[in-house]
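The values are calculated or read from the model by the stated rules, or taken from the named source; none is laboratory data. Quantities reported herein were computed from a predicted structural model and do not represent experimental measurements. Glycine gets a Cβ as well: all are built from the backbone with ideal geometry, and neighbour counts include every protein chain shown.
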Amino acid sequence: MEESAYALAARSWFAEFSARDITDLKEIAGYYGHVVLIQAADASCAVKFAFQKGRVAREVRALDRLRPFSLLPLPKALATDALVLGKEEMEMLALSFLPGCAPWDIQPDEEQVKALAGTFTACMLNLHGHSHPDGYELPDGAFSSSLVTAFTSWNIRLYCYSQSENSPFSPALRTALRLLWDKRDEILAPIDSDPSSLVHDDPHAGNFLFAPDTCQPVAMLDPCDVAYRHREQDLFHFADVRPEWGLLECYADAYLLRDGFAQRRWFFSIWDDVKHSLNRGWYDEAWFMAKFARLAECGIRLGI
């Protein structure tokens, strides 16, 4: 199979980075970037090409911030660069290689699922147990004791995007998003003054590696906007990949969630998808409609 431009660029970069011969190369197409996994004796690494400006610097900061508090290893940044692919210059991040399998490459039995879910829960509970005395982090580095204030500060740009003339959202979805935004105080009220938690920001199973034999989690990957937020801003991701493993349910069994979590789960999820739309130009009307339907099942009906 012919290698992509990403693989060729990664090979060229690696030839300058290391004198080792490449023994294997694998490509992974992601939503925010393209990853080239390079195997070489004592020099294996993951070379990531970012689809969004500034994302490499954010990931480096996130890894450095999360690493001291994680029970699982995270990759280390080896190098950053800007490489030209065709006519486009792309940000590149080279990371240390961590062994393990993606969740879609393992088939754990029932007992292994229980065990891996328990380990995953312990790792996330440990991370979420780290709080900041000043509360919730704001985009400018300040803090607020109110989750509503912090959520508004982080996400006002998403709301404005959803309502702008150039947004892809249909009139019905724009109305639903406006009504949902107006309900944020009500929806978040039960947890507004909870202690903050250090969050990964995208901790679905696809951002973990697993042992091929025991299926235990062995590494954590791809943190993004690591900050002191609310733990529930991590939880809604748990069922995004391999939902049959019951990672969200296992966490909820170990940590008592406040009333209204079902509503907040879809509230956070919808605004996260608005973020993806803004960042990457993605839009799927049926996808959003389905999530608003799940929100309606939890008692928040917004007319669609």
Exactly one of TYR228, TYR251, TYR283 is in contact with a Ser or Thr (Cβ under 9 Å, 6 or more places away or on another chain), assigned to a loop (DSSP other than H, G, I, E, B) and in contact (Cβ under 8 Å) with a residue 40 or more places away in the chain, and that one is TYR283
Pairing a residue in region 12-23 that is closer than 14 Å to LEU37 by Cα with any residue that is surrounded by 11 or more Cβ atoms within 10 Å (Cβ to Cβ) and of a type in the set (S, T, N, Q), where Cβ atoms lie under 6 Å and the two sit 6 or more apart in sequence or on different chains, gives THR23/GLN39
Restricted to region 123-149 and to residues being in contact (Cβ under 8 Å) with a residue 60 or more places away in the chain and of a type in the set (A, V, I, L, M), the residue nearest to TRP181 (Cα to Cα) is LEU147
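When the residues of region 199-225 are filtered to those that are among the charged types (D, E, K, R) and in contact (Cβ under 8 Å) with a residue 12 or more places away in the chain, which remaining residue is farthest from ARG61 (Cα to Cα)?
The extreme case among them is ASP202.
What number of residues within region 150-166 are touching a residue at least 12 places away in the same chain (Cβ under 8 Å) and either outside the structural domain of ASN207 (by TED's automatic domain parsing) or surrounded by fewer than 16 Cβ atoms within 10 Å (Cβ to Cβ) (or both)? Before you say what the answer is, go through the steps one by one.
Of all residues in region 150-166, those touching a residue at least 12 places away in the same chain (Cβ under 8 Å) come to 150-155, 157-159, 161-163.
Now narrow it down to the ones that are either outside the structural domain of ASN207 (by TED's automatic domain parsing) or surrounded by fewer than 16 Cβ atoms within 10 Å (Cβ to Cβ) (or both): 157, 163.
Looking only at that region, the number is 2.
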Taking region 283-304 and keeping only residues that are in contact with a helix residue (DSSP H, G or I) (Cβ under 6 Å, 6 or more places away or on another chain) and farther than 15 Å from LEU173 by Cα, one is left with CYS298
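Return yes when LEU127 is part of a helix (DSSP H, G or I) and crowded, with 16+ Cβ neighbours inside 10 Å and no when it is not.
Details: part of a helix (DSSP H, G or I): yes; crowded, with 16+ Cβ neighbours inside 10 Å: yes.
Against the criterion (part of a helix (DSSP H, G or I) and crowded, with 16+ Cβ neighbours inside 10 Å), LEU127 qualifies.
Please pick out the residue among LEU63, LEU83, LEU72 that is surrounded by 13 or more Cβ atoms within 10 Å (Cβ to Cβ), among the aliphatic types (A, V, I, L, M) and over 24 Å from VAL199 (Cα atoms). Don't jump to the end; show me each part of the working.
Working: LEU63 fails: over 24 Å from VAL199 (Cα atoms); LEU72 fails: over 24 Å from VAL199 (Cα atoms).
On inspection, the qualifying residue turns out to be LEU83.
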(1) of a type outside the set (S, T, N, Q); (2) exposed (fewer than 13 other Cβ atoms within 10 Å of the Cβ); (3) over 27 Å from ASP105 (Cβ atoms) all hold for ASP21 apart from (3)
Screening ASP213, ASP202, ASP240 for residues that are of a type in the set (D, E, K, R), within 22 Å of LYS114 (Cα to Cα) and touching a Gly at 6+ places or on another chain (Cβ under 9 Å) leaves only ASP240
Of (1) surrounded by fewer than 17 Cβ atoms within 10 Å (Cβ to Cβ); (2) part of a helix (DSSP H, G or I); (3) free of Cβ contacts under 8 Å to residues at least 40 places away in the same chain, LEU256 fails just (2)
